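Q: Provided herewith is a single structure, encoded as structure tokens, for subsequent inquiry.
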Amino acid sequence: MNSVVIKTFDNYFSARIFLTKLQDRGLNCYLFDENTVTIGPVISTAIGYIKLVVADKDFDFASRLLAEFEYEKLKNTVCPKCFSNNFLEIPKPARKNYLVAFLTWLFSSYAVSVENVYQCQNCGYECDSLPEAGFVYN
Ligand SMILES: [Zn+2]
């Protein structure tokens with residue numbers, strides 16, 4: 001049975017939340033490089049962040065669950081600038097982003113997905129992680 005990286009994370013909080021949610025739905029999955037990234041965050045880009053790994057056969061189901069979790073998270077987030085809840089996750093427009101994905105694909109058995117940002121569709125506000133509830137940006 002082969003396994004596949006379904007999502008990458010730059011922090012173990014988000015990784016653990018998604019891992020637990022998938023395990024709660026009965027999927028057999030695990031995190032790869034969690035300890036390495038947590039202990040040495042400086043090298044997280046070089047090793048491709050924390051990887052959430054699922055079995056090949058569970059990829060489609062896990063993808064649908066992750067999309068569902070992301071939708072719920074975005075729906076419940078309020079923009080700190082315009083107070084709408086219309087965020088969208090989009091690829092970060094950086095050349096190194098695609099270079100990392102290509103190099104990990106070339107030198108290992110998987111490709112790390114490109115880095116994303118969250119963008120408010122009303123005012124264009126962008127952030128690497130979703131703002132916390134109650135945070136106001138000036
Ligand atoms: Zn906004």
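Please treat every number below as a calculation from the coordinates, not as lab data. Please read these numbers as outputs of a predicted model, since none were measured by experiment. Don't worry about glycine lacking a Cβ; one is built from the backbone with ideal geometry, like all the others, and counts go over all protein chains shown.
Q: For residue 51, list the lysines whose Cα falls under 23 Å from its own Cα; do not include residues on the same chain fewer than 8 positions away.
A: By straight Cα distance, residue 51 reaches 7, 21, 73, 92, 96.
Q: With r defined as the distance between the Cβ atoms of residue 73 and residue 12 and R0 fixed at 25 Å, what FRET efficiency is calculated, to the nearest 0.05?
A: Details: r = 17 Å, r/R0 = 0.68.
Working from the Cβ atoms, E equals 0.90.
Q: For segment 1-71, just run the numbers: alpha carbon Rg, then divide by 2.2 N^0.38 Å, N being how many residues it has.
A: Working: Rg = 11.9 Å, N = 71, 2.2 N^0.38 = 11.1 Å.
In units of the 2.2 N^0.38 Å rule of thumb, it is 1.07.
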